[in-house]
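Structure first, commentary second.
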Amino acid sequence: MSQSVIGGNAVAGGVGKDQPLGFNHRPSPSRVRLDACEAKDQPAFIGYLPYGFPNAEGSLQAIETICRHGVDLVEIGLPYSDPVMDGQVIQSAARIALDQGERIAGVFEAVELVAACGAVPLIMSYWNLIFHYGVENFARDFANAGGAGLITPDLIPDEAGEWIEVSDQHGLDRIFMVSPDSSQDRLKTVAGNSRGFVYAASRMGVTGEQESISASPQTLVETTRQAGADKVCVGLGVSTGDQGAQVGAYADGVIVGSALVHCLLDDSGRRSRDLQEGLNLLAAKSDELSLGIHTARLS
Amino acid sequence: MTVLDQLVAGAREDQELREQTLPLEALQELAKAAPAAMDAHRWLKQSKAVPVIAEIKRASPSKGHLGDIPDPAALGRDYERGGASAISVLTEGRRFLGSLQDFDQVRAAVHIPVMRKDFIVSDYQIWEARAHGADMVLLIVAALEDQDLKSLLDLTHQLGMTALVETHSREEIDRAMAVGARVIGINARNLKDLRVDVHRYQELAADLPVDVIRVAESGVFGPIELEDYARAGADAVLVGEGVATAEDPQLAVSRLVSAGARVKASESRPLGQHEGPYFGQYGGRYVPEALVGALDELESVYEEAKADPSFLEEFARLNRRYVGRPSPLTEAPRFAGRINDQVGLKARVFLKREDLNHTGAHKINNALGQGLLVKRMGKTRVIAETGAGQHGVATATVCAIFGLRCRIYMGQIDARRQALNVARMRLLGAEVVEVTQGTRILKDAINEALRDWVTNVKDTHYLLGTVAGPHPFPSMVRDFQKVIGEEASEQLREEYGIASPDAICACVGGGSNAIGIMNAFLDDPSVNLYGYEAGGHGPQSGEHAIRFAPGTGELGLFQGAKSYLLETDEGQTLDTYSISAGLDYASVGPEHAWLRDMGRVNYSWATDEEAMSAFKDLCETEGIIPAIESSHALAGAYKAAADLKAKGYEHPTIIVNVSGRGDKDVATAGKWFGYLTDEQSQALEANEAQGSSREGE
């Protein structure tokens, strides 16, 4: 016998470094940051921007801008050809990024940048992109870059066996979504499988700015907490500081996407704006949102 | 001295110490007084599950310290509640930090089989296991000579226990089998990177008799490895670290158990009655959470309806009196003549005439079925996507009968090449939305329909037109379409006196007409099944919708399901091309993907040119103008005939599914064959469908 293999464990050869990963027990990075915000009695400001929009370099500047203007966690979007959960603004941004030759491997630079700025880097991606990259490979590269977790708009916990196993091994957060019509059972399933926080969609529908935010997200946040979620952040439709303050009064974090992306699009909504002009608008928008969100509980 | 030798020597020393205070005879008395062992066999092999043996382990020589496990009984109870079928308790104390006290605590706490896992080399240890209430023991082939292995195995059986006999090579498996092992543990870890090596497992497990239980014994951490092993044929898995060190061991076990149940269900037979969500590894529900409620509702309403005779009666009545079913099965001798001349065969060809259904295609079968479900659900608004327009017309028709509001999404390019169908939908009262996003074809229409659905799911049903998308669509649409094959089978027998066809040909876009005609024949291996994808300008051109040929589609997730997908090296959906709008789709129904992998259906393609040539052949020989989609199946019949000839058939019976009629394609065909003057062509171009264009939000 050339090697002994005993009781299900290889005991020959190198020990330790070649072993498959076990559970990574690092605390949830999103949770740690949300707790820190909580300690200051502030909801977190979570900003979304797509990587590669208006182009790779421009997106890094945009991401750095929101990091310097109050964002606590950054959702870096991966542009996808068929974004069924996105409205017109983010669809346009994704299309522009893909036309500019966006490559997924570049996103890790954005992740490092966010981490270096002191914000928490999350990636939001339609699942086929991660699946095609290889879930394990993506998790490894993402964790190495300092990534915290993934938001998965079209991956429900029921289909997430591979991602749950891999994220447990790399200590990454799993942010699944709930929506206003989710049943008690679904809320429990999502809360039970999420790590970091649960993403509560403020309304039925796709991403995009709204004139007003209805009262329903508050109920959803409450029922999601009752279903076992420790942290619940609210997204879809928040676009102003006032709305941020309104939602931040009850949510652990306020997620803003289209309103930020919009700053970088021209008036047609289909092409990108002059970058410097866009970055100035983005900085001002972030300041407005940061102020609204971070002072939500002062009154 | 190898590590194994050291472990065995240590275990023997420890046993001798114990024997000094408790001699074998006294131990045997205790063993006889113990409650009888449970029969572990029935726990370890189940038709609908992959049993999990969960292990209580504090440390191992390879991974060092894993966890303290202060309360093994509590952990055992967690495993049992999570659905474990057996628990393995390490009793080796030196390197694994286990003990018989651990074993006793677990034994007392659970009601499932418990295995003593140790380095067992003596009768004493077997009696000891039994005296402590063990149902199973581990025997390691590598640690034992043949005669010792045999006598320990015999003693284990004699005491009513089950031995898990651990092997890690072909030679060890042979030795285990030779002495009568009934439960074989196979260690198939790739020793280079220590990952599960499924091919190695398959090699090792190959030719084991069916009554031997195969336990995958190493490298199982979570659902990924469990699925790999189960698909490779493992009956059960043994899991250590992945459950023992989990934050929530009960949840970790239950995830494994449900992954196992899912794998078993995904491979259930007979093929003709297989139910989703999974077809092998394909299918599922890759959708936003916001749609889960609607899909669950649809699934339960459909399940209820299927079992309700009044639903089935109404469906059958509408099929008969409104659609005009059964659609005829027409023999096509002159068309067969062209095939026979080309191939050198004496085939008889029959056409299943879905083109003669009301609205001119098979799409009405499904639209009607789902329309009845919409009424049952009490929803008032229907949305649908359409490529060629046939499904849009069928949906608009059904909404007209049932008084439902209807909106059809159609890619701008498709709306222009199928202008007549746009007008038909409008006449039927539907709102037609021309989609200008993305590539402006079928997939973009589906994206837009999904966005609408996510927003309006409360009162809206998405009437998906094919056997793709999230569960329950692939199974449900199949059920509404399978009447095609059922009728064809009966008609061939009753009207033509032919017991069964030798071959079926159908075109495959999403795949609903193909599944519809093939379902009745899936479990009859004497029927050769052929599916033809849209070859466009050929597989090398990059302008096609071939998902199954080598170098085309890859495993991917698209619009709700896992299947084959045309995608870039970044996972972005590739543009597709076909002269036929109805086949111009980047993915394909998950059941087809499964049938392709198992080799049950032969998939190939027909190019634009081949399809148009067959289109004309049918027009000229049989006086039937087929849809360009169906022309791909007709072109395929030439290829199927050649294949049948190569297989030795001389007088085969071939059924071709003519899924739709070609009125809508007359302009395209007129241009293709040069029957229109330039002026006429231009007039047709100018006469574009003017959908209200949709820019999204």
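The values are calculated or read from the model by the stated rules, or taken from the named source; none is laboratory data. Predicted model only: the values in this text are computed from it and were never measured. Here Cβ is always computed from backbone atoms with ideal geometry, including for glycine, and neighbour counts include all displayed protein chains.
Structure notes:
- Region B:277-313, residues that are touching a helix residue (DSSP H, G or I) at 6+ places or on another chain (Cβ under 6 Å), at pLDDT 95 or above and among the small types (Gly, Ala, Ser): B:Gly280, B:Gly283, B:Gly284, B:Ala305
- Just one of (1) free of Cβ contacts under 8 Å to residues at least 60 places away in the same chain; (2) surrounded by 22 or more Cβ atoms within 10 Å (Cβ to Cβ); (3) in contact with a Ser or Thr (Cβ under 6 Å, 6 or more places away or on another chain) fails for A:Met204. It is (2).
- Residue within region A:199-208 that is under 18 Å from A:Pro43 (Cβ atoms), part of a loop (DSSP other than H, G, I, E, B) and more than 10 Å from chain B (Cβ to nearest Cβ) present: yes
- Tabulated pairs, region B:524-545, first in the same structural domain as B:Ser578 (by TED's automatic domain parsing), second of a type in the set (Lys, Arg) and crowded, with 24+ Cβ neighbours inside 10 Å, C-beta under 7 angstrom, 6+ apart or interchain: B:Glu533/B:Arg547
- Candidates are the residues of region B:284-300 that are facing chain A (nearest Cβ under 7 Å) and either touching a Gly at 6+ places or on another chain (Cβ under 9 Å) or not hydrophobic (A, V, I, L, M, F, W, C) (or both); the one that is surrounded by the fewest Cβ atoms within 10 Å (Cβ to Cβ) is B:Gly293.
- Filtering region B:409-437 to residues that are farther than 13 Å from B:Lys664 by Cα and out of contact with any helix residue (DSSP H, G or I) (no Cβ under 6 Å at 6 or more places or on another chain) leaves B:Gln412, B:Ile413, B:Arg426, B:Leu427, B:Glu431, B:Val433.
- All positions within region B:95-144 that are within 27 Å of B:Lys63 (Cα to Cα) and acidic (Asp, Glu): B:Asp102, B:Asp104, B:Asp118
- Exclusive hit being over 30 Å from B:Gly497 (Cβ atoms), touching a residue at least 40 places away in the same chain (Cβ under 8 Å) and among the hydrophobic types (A, V, I, L, M, F, W, C), set B:Met425, B:Met377: B:Met377
- Only one of A:Val107, A:Val114, A:Val32, A:Val120 that is out of contact with any Lys or Arg (no Cβ under 8 Å at 6 or more places or on another chain), more than 13 Å from chain B (Cβ to nearest Cβ), crowded, with 24+ Cβ neighbours inside 10 Å and aliphatic (A, V, I, L, M): A:Val114
- Filter pass, B:Gly623 being on the phi > 0 side of the Ramachandran plot and either touching a residue at least 24 places away in the same chain (Cβ under 8 Å) or assigned by TED's automatic domain parsing to the domain that holds B:Ile579 (or both): yes
- Filter result for the condition that a residue is of a type in the set (A, V, I, L, M, F, W, C), outside any helix (DSSP H, G or I), crowded, with 21+ Cβ neighbours inside 10 Å and at pLDDT 95 or above, over B:Leu345, B:Leu368, B:Leu351: B:Leu351
- Extreme residue, surrounded by the fewest Cβ atoms within 10 Å (Cβ to Cβ), among residues of region B:210-224 that are within 13 Å of chain A (Cβ to nearest Cβ) and over 18 Å from the mean Cα position of the chain (by Cα): B:Gly222
- Check on A:Arg225, at pLDDT below 95 and either basic (Lys, Arg) or part of a loop (DSSP other than H, G, I, E, B) (or both): no
- Of the residues making up region B:531-544, none is among the aliphatic types (A, V, I, L, M), touching a Phe, Trp or Tyr at 6+ places or on another chain (Cβ under 6 Å) and modelled with pLDDT of 95 or more.
- Residue within region B:44-58 that is over 23 Å from B:Arg182 (Cα atoms), within 12 Å of another protein chain (Cβ to nearest Cβ), touching a Leu at 6+ places or on another chain (Cβ under 8 Å) and surrounded by 21 or more Cβ atoms within 10 Å (Cβ to Cβ) present: yes
- Total residues in region A:94-104, condition facing chain B (nearest Cβ under 9 Å) and either surrounded by 15 or more Cβ atoms within 10 Å (Cβ to Cβ) or in contact (Cβ under 8 Å) with a residue 60 or more places away in the chain (or both): 4
- For region B:488-508, filtered to residues that are assigned to a loop (DSSP other than H, G, I, E, B) and over 26 Å from B:Ala611 (Cα atoms), the residue that is nearest to the chain's Cα centre (by Cα) is B:Ser500.
- Some residue of region B:146-162 being under 16 Å from B:Val89 (Cβ atoms) and among the charged types (D, E, K, R): no
- Selection within region B:562-588: residues that are under 21 Å from A:Ser125 (Cα atoms) and among the charged types (D, E, K, R). The member of this set that is modelled with the lowest pLDDT is B:Asp575.
- Whichever residue in region A:164-186 is more than 10 Å from chain B (Cβ to nearest Cβ) and not hydroxyl-bearing (Ser, Thr, Tyr) and, among such residues, is farthest from the chain's Cα centre (by Cα): A:Gln184
- The sole residue among B:Leu17, B:Leu27 that is buried (at least 17 other Cβ atoms within 10 Å of the Cβ) and either away from every other protein chain (no Cβ under 14 Å) or modelled with pLDDT under 95 (or both) is B:Leu27.
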